[in-house]
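The values are calculated or read from the model by the stated rules, or taken from the named source; none is laboratory data. Quick caveat, the model's predicted, so the values are computed rather than measured. Quick reminder, even Gly has a Cβ in these numbers, built from the backbone with ideal geometry, and neighbours come from all protein chains shown. The protein model used for the area step is the full one, side chains on, heavy atoms only, and it has no ligands, DNA or RNA in it. Shrake-Rupley method; radii C 1.70, N 1.55, O 1.52, S 1.80 Å.
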Amino acid sequence: MPGLGAVATTLIAGVEAVKKGISQPIGSLTQMSSIRLGKRTENRYPKIKDFVPLADLNDIVFGGWDVYDDNVYQAASHAKVLDQHLLDSVREPLEAIVPMKAAFDRSFVKNLDGTHIKEFTTRLDLAQQVMADIENFKKANNCSRIVMVWCGSTEIYFEESDVHMSLAAFEQGLANNDVRIAPSMIYAYAALKLGVAFANGAPNLTVDIPAFLELAKLTNTPIAGKDFKTGQTLMKTILAPGLTARALGVKGWFSTNILGNRDGYVLDDPDNFKTKEVSKLSVLEEIFQPEINPELYGDMYHKVRINYYPPRGDNKESWDNIDIFGWLGYEMQIKINFLCRDSILAAPIVLDLALFMDLAKRANMSGIQEWLSFYLKSPQTAPGLKPEHDIFKQLIKLQNTLRHMMGEDLITHLGLDYYQELVESMQ
Ligand SMILES: NC(=O)c1ccc[n+]([C@@H]2O[C@H](COP(=O)([O-])OP(=O)(O)OC[C@H]3O[C@@H](n4cnc5c(N)ncnc54)[C@H](O)[C@@H]3O)[C@@H](O)[C@H]2O)c1
């Protein structure tokens, strides 16, 4: 993982605690959820981890890079997401994980001042150093496979330009030390070049550029992004599909947050916030589809704010005010006040993404893994396709992909094929 901050350390400490039998991996589908197979009458509901061949938690080795040199125990203590008591109970394995020096450029994250940074001549040199890190890590830890999940800070907002448009232009850009190549892209390039699956947990462009679609295809590597779906956006993609399912109109959706962790501090810079804002704003547009439903959603006003407020640390609080209207246009309001823990919601997503990306690689599924949209705020899709944000449709797609991989029937929820048979057998 590039970025051993709040999310990554909460994941690592959590997995160690689960391995010791002192905690449960709540929120992780791969560890906790079951999946229905066949008809409802068959009563087959295995756990996902027993149905598809996923890596076992005991076989995972964690490693990463950061611009600060704190080991994972120190970084997790600093992040203050988990109780010190829990961290102390897994102190030894956490202390053993020391970050590698980061590929970093402060112009992409102004609010960070770490000095645990690689020196380099060109960005190509930097990418080669990251590739060497990956290979050394693999050898030193005797790993058979590697997956990379970006857990680093959100970089400033920028749009793709000619250097991102083809692999040849990108490689030329690396050699020319082109400043439009962000650090996250250096890691992604290194990973894809080595055939290592890459998932992006932040809203940065990173792998969402044509150059990387090309590289992923060339090296037969899965990619996914972007931005872990936690907190307020998770709630939006649960609630909004319900409103639109009942043809209820929405006039406005105002969302505000207070957040006091390092992520919040980075997002306090307007250029970094812009990246997050774009990712958060797209969700409702694509669920409500105002162009198809202008009477219900044509005039919707959507506003998202994030305010850095240190006293709260990682315990974010969000408020949503939703102005809806029903029969004959009569107005109603919904208020949501979510006292959430950002990294507690994000950690299981990193675990599931890593395990499923590893599975995808072994299943020969390369390129964009749209079936993992379930975990992402701004899912990457093939050029020209709109992402699916409705969490329930995303779940059906994820489960059907697993069924498909394992040669089971896909579930359409039609049921007519066996319903009559069942009714008759009960008479
Ligand atoms: N927590 C959530 O619910 C959530 C949800 C969606 C997305 N995210 C994203 O996940 C990322 C991690 O979140 P977090 O709360 O752990 O943040 P964090 O600030 O605690 O950790 C990020 C870490 O990345 C490091 N970093 C930055 N640039 C780097 C680079 N180039 N190479 C290596 N390390 C680098 C920072 O030093 C920091 O330690 C952020 O981009 C955040 O926006 C988090």
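A compact table of results
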| quantity | calculated |
| --- | --- |
| Inter-residue pairs, beta-carbon under 7 Å, first assigned to a loop (DSSP other than H, G, I, E, B) and in region 23-52, second modelled with pLDDT under 95 and among the hydrophobic types (A, V, I, L, M, F, W, C), 6+ apart | 36/411 |
| Filter result (open to solvent by 10 Å² or more (accessible area, probe 1.4 Å), assigned to a helix (DSSP H, G or I) and more than 24 Å from residue 144 (Cβ to Cβ)) within region 184-229 | 210, 213, 214 |
| Residue that is out of contact with any Asp or Glu (no Cβ under 9 Å at 6 or more places or on another chain) and within 16 Å of the ligand (Cβ to nearest atom), where the choices are 113, 50, 88 | 113 |
| Region 34-49: number of residues that are more than 28 Å from residue 152 (Cα to Cα) and either open to solvent by 20 Å² or more (accessible area, probe 1.4 Å) or among the hydroxyl-bearing types (Ser, Thr, Tyr) (or both) | 11 |
| Set 15, 81, 7: member being in a helix (DSSP H, G or I), touching a helix residue (DSSP H, G or I) at 6+ places or on another chain (Cβ under 8 Å), within 10 Å of the ligand (Cβ to nearest atom) and of a type in the set (A, V, I, L, M, F, W, C) | 7 |
| Filtered residue count, region 362-405, keeping only those that are within 16 Å of the ligand (Cβ to nearest atom) and of a type in the set (Phe, Trp, Tyr) | 2 |
| Region 94-109 - residue that is within 13 Å of the ligand (Cβ to nearest atom) and among the small types (Gly, Ala, Ser) and, of those, most open to solvent (accessible area, probe 1.4 Å) | 107 |
| 2 or more residues surrounded by 17 or more Cβ atoms within 10 Å (Cβ to Cβ) and in contact with a helix residue (DSSP H, G or I) (Cβ under 6 Å, 6 or more places away or on another chain): qualifying helices (runs of 4 or more DSSP H) within region 253-353 | 262-267, 270-288 |
| Flag if residue 73 is assigned to a loop (DSSP other than H, G, I, E, B) and of a type in the set (Ser, Thr, Tyr) | no |
| Identity of the residue in region 53-65, more than 16 Å from the ligand (Cβ to nearest atom) and not polar (S, T, N, Q), that ends up most open to solvent (accessible area, probe 1.4 Å) | 59 |
| Cross-chain or 6+ apart pairs with Cβ under 6 Å, region 183-200 first and under 18 Å from residue 356 (Cα atoms), then within 10 Å of the ligand (Cβ to nearest atom) and in a loop (DSSP other than H, G, I, E, B) | 200/226 |
| Residue among 136, 141 that alone is in contact (Cβ under 8 Å) with a residue 12 or more places away in the chain, exposed (fewer than 13 other Cβ atoms within 10 Å of the Cβ) and either farther than 20 Å from residue 175 by Cα or touching a Cys at 6+ places or on another chain (Cβ under 8 Å) (or both) | 141 |
| Unmet requirement for residue 88, which otherwise passes all of (1) in contact (Cβ under 8 Å) with a residue 24 or more places away in the chain; (2) under 20 Å from residue 11 (Cα atoms); (3) of a type outside the set (A, V, I, L, M, F, W, C) | (1) |
| Boolean, residue 155 is near the ligand (Cβ under 10 Å from one of its atoms), assigned to a loop (DSSP other than H, G, I, E, B) and either within 23 Å of residue 280 (Cα to Cα) or not β-branched (Val, Ile, Thr) (or both) | yes |
| Residue 140 being more than 23 Å from the chain's Cα centre (by Cα), more than 16 Å from the ligand (Cβ to nearest atom) and among the hydrophobic types (A, V, I, L, M, F, W, C) | yes |
